[in-house]
Amino acid sequence: MSLNGTSAADVQRLQQLQQGVWSPLPLIRRRWLRVSLNLGVLAYVIAAWLSVDVNWDRVAQGMDRGVEFVASFMSPDFVSRSGEIFVGLQESLTMTFTATIIGVLLAVPVGLGAARNIAPAPVYYICRTIIALSRTFQEIIIAILFVAMFGFGPLAGVITLAFATIGFMAKLLAEDIEDAQREPLEAIRATGGTWLQWVNYAVQPQVMPRLIGLSLYRLDINFRESAVIGIVGAGGIGATLNTSINRYDYDTSAAILLLIIAIVLLSEYFSGYVRRWTQ
């Protein structure tokens, strides 16, 4: 360390900078600490790998089925089980649209109540609790609960996706409201506007484009999740996919997965167009 508090490494970097050579500062300045952390991470990865109990005989036996499943994407069967595939897709799309609409409609008041800058403290904490409960569990866990309560079928799936949509949409909506520009809010308040006028004329114009984009994004998520929760009996294309895999009908499974990919891509292109239109 030099007298003015500049280290030798800093002096070397300054000299290189004067010569036109620039290098970013390391995240951790001390070399011995960087080496120690890297060795620690490496030791942890090795220990974690050695602690995993892998049945290599089972892996070897399953390789043939894995290769067969991957090869089925070269010859997907859309015809043999077309009726089941159509019904499953119809259920998933119905679940997706219904759950998204219900979830967004319920998320708007929860999001307004969860915004600290426009909601009183009791309402704020209640709405934040609702958001936390909705975001605590994965959709498949919630689906298991609702399947046990309402039985197998799309009703459990709709309630599951709507419940998950509330937490997702309300949290992001509340954050957007809290980040909204204060000038319009203060202007409406200064003119003596009511709370509803405050929200309608000052908050809504700022967050509506974001709300539309998030709703379309959640629509995409709900369709993909409908394929997952169907495995536990919540209806949709996931149940059809699970059935085809259980009977080793990999050609039909490949056809279902390709249809899911196609629908997700179409949804992505459509949502991108709508987001550009609302901006």
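General observations
- Flag for I131 being over 19 Å from R218 (Cβ atoms), among the aliphatic types (A, V, I, L, M) and surrounded by 17 or more Cβ atoms within 10 Å (Cβ to Cβ): no
- When residues of the stretch 109-122 are limited to those that are part of a helix (DSSP H, G or I), at pLDDT below 90 and hydrophobic (A, V, I, L, M, F, W, C), the one surrounded by the fewest Cβ atoms within 10 Å (Cβ to Cβ): A121
- Single residue of the stretch 219-238 satisfying the filter (among the charged types (D, E, K, R) and either in contact with a strand residue (DSSP E or B) (Cβ under 7 Å, 6 or more places away or on another chain) or under 13 Å from I140 (Cβ atoms) (or both)) that is surrounded by the fewest Cβ atoms within 10 Å (Cβ to Cβ): R224
- Meets criteria (at pLDDT below 85, under 30 Å from L266 (Cα atoms), in the same structural domain as T160 (by TED's automatic domain parsing) and surrounded by fewer than 19 Cβ atoms within 10 Å (Cβ to Cβ)) for P184: no
- In the stretch 216-233, the count of residues that are under 25 Å from D77 (Cα atoms) and more than 22 Å from the chain's Cα centre (by Cα) is zero.
- Checking each residue in the stretch 88-108 for being open to solvent by 10 Å² or more (accessible area, probe 1.4 Å) and either under 13 Å from A227 (Cα atoms) or not assigned by TED's automatic domain parsing to the domain that holds N242 (or both) picks out L89, Q90, E91, L93, T94.
- Note on the stretch 190-210: residues that are farther than 14 Å from N117 by Cβ, in contact (Cβ under 8 Å) with a residue 60 or more places away in the chain and open to solvent by less than 60 Å² (accessible area, probe 1.4 Å) amount to 1.
- Out of E84, E68, sole residue that is surrounded by fewer than 20 Cβ atoms within 10 Å (Cβ to Cβ), touching a residue at least 40 places away in the same chain (Cβ under 8 Å) and not assigned by TED's automatic domain parsing to the domain that holds L216: E68
- Among the numbered conditions (1) surrounded by fewer than 19 Cβ atoms within 10 Å (Cβ to Cβ); (2) closer than 24 Å to I131 by Cβ, the only one that G153 does not meet is (2).
- Residues satisfying the stated conditions in the stretch 26-70, i.e. outside any helix (DSSP H, G or I) and either aliphatic (A, V, I, L, M) or farther than 30 Å from V11 by Cβ (or both): L27, I28, V52, D53, V54, N55
- Close pairs (8 angstrom Cβ cut-off, 6 or more residues apart or separate chains): touching a residue at least 12 places away in the same chain (Cβ under 8 Å) and under 17 Å from I261 (Cα atoms) in the stretch 237-249, outside any helix (DSSP H, G or I) and open to solvent by less than 30 Å² (accessible area, probe 1.4 Å) anywhere: A239/G233
The values are calculated or read from the model by the stated rules, or taken from the named source; none is laboratory data. All values derive from a computational prediction rather than experimental measurement. Please note: Cβ atoms are built from the backbone with ideal geometry, for glycine as well, and neighbour counts cover all protein chains shown. Only protein heavy atoms, including side chains, enter the accessible area calculation; ligands, DNA and RNA are left aside. Shrake-Rupley method; radii C 1.70, N 1.55, O 1.52, S 1.80 Å.
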